[in-house]
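Taking it in order: structure first as structure tokens, then the write-up.
The values are calculated or read from the model by the stated rules, or taken from the named source; none is laboratory data. Note that the structure is a prediction, hence the values are computed from the model and not measured. A quick note on method: Cβ atoms are made from the backbone with ideal geometry, for glycine too, and the neighbour counts reach across all protein chains shown. Ligands, DNA and RNA are stripped out before the accessible areas are found, and what is left, the full protein with its side chains, is counted by its heavy atoms. Shrake-Rupley method; radii C 1.70, N 1.55, O 1.52, S 1.80 Å.
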Amino acid sequence: MTKHYRMALMAGLLGAAAQAHGQLYVCADAQGHKTYTDRRAGAHCQLLDLPGALTEPPRKTAPLAGAPARPATQAAATAAPAAGAFPKVDGAEQRARDLDRRQILQDELRSEEQKLAAQRLEFNGGQPERQGNERNYAKYQERVAQLKDNISRTQQNIDALKREIANIR
């Protein structure tokens with residue numbers, strides 16, 4: 001390997017190791033060979049100063065002098081709200097939301113019903129008109145099968161929308 005490639009690789013490893021372990025040492029033996037480690041192996045090892053490396057975990061800071069201290073019960077309550085402490089919506093607002101939802105679903109239902117009517121008209125009871133590019137009978141059958149699938153999917157959408165509308169309070 002070239003010297004520059006090894007140095008770049010070592011720098012990358014040092015950066016990754018520094019982020020993972022916090023402290024990195026470079027140890028040189030009598031022949032001048034350097035070894036990089038996260039443990040100090042003796043007096044011949046020096047701590048590397050890497051920018052952005054954490055040498056110890058961050059400590060919790062004390063509250064500011066002017067800031068009021070919160071009681072432990074209040075801190076616990078804001079950290080994880082109880083099951084019944086979720087925001088509630090008053091009845092009138094919920095009814096308005098339900099009406100909006102119902103209107104949106106009914107609009108979607110009307111759209112799907114119109115789409116189904118157009119698909120059934122094109123399907124023509126299983127005998128749709130052949131198009132100019134369907135000289136091959138297999139292409140015609142493929143289009144008929146696709147139309148049938150589209151009708152089925154649209155009918156499933158309509159059924160699902162009707163169920164959703166029925167579930168609105």
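Things to note:
- Note on surface exposure: THR37, THR154 rank THR37, THR154 by accessible area, highest first, 1.4 Å probe.
- Extending 7 Å from the Cα toward the beta-carbon at both GLN146 and LEU47 defines two label points whose distance is 7.1 nm.
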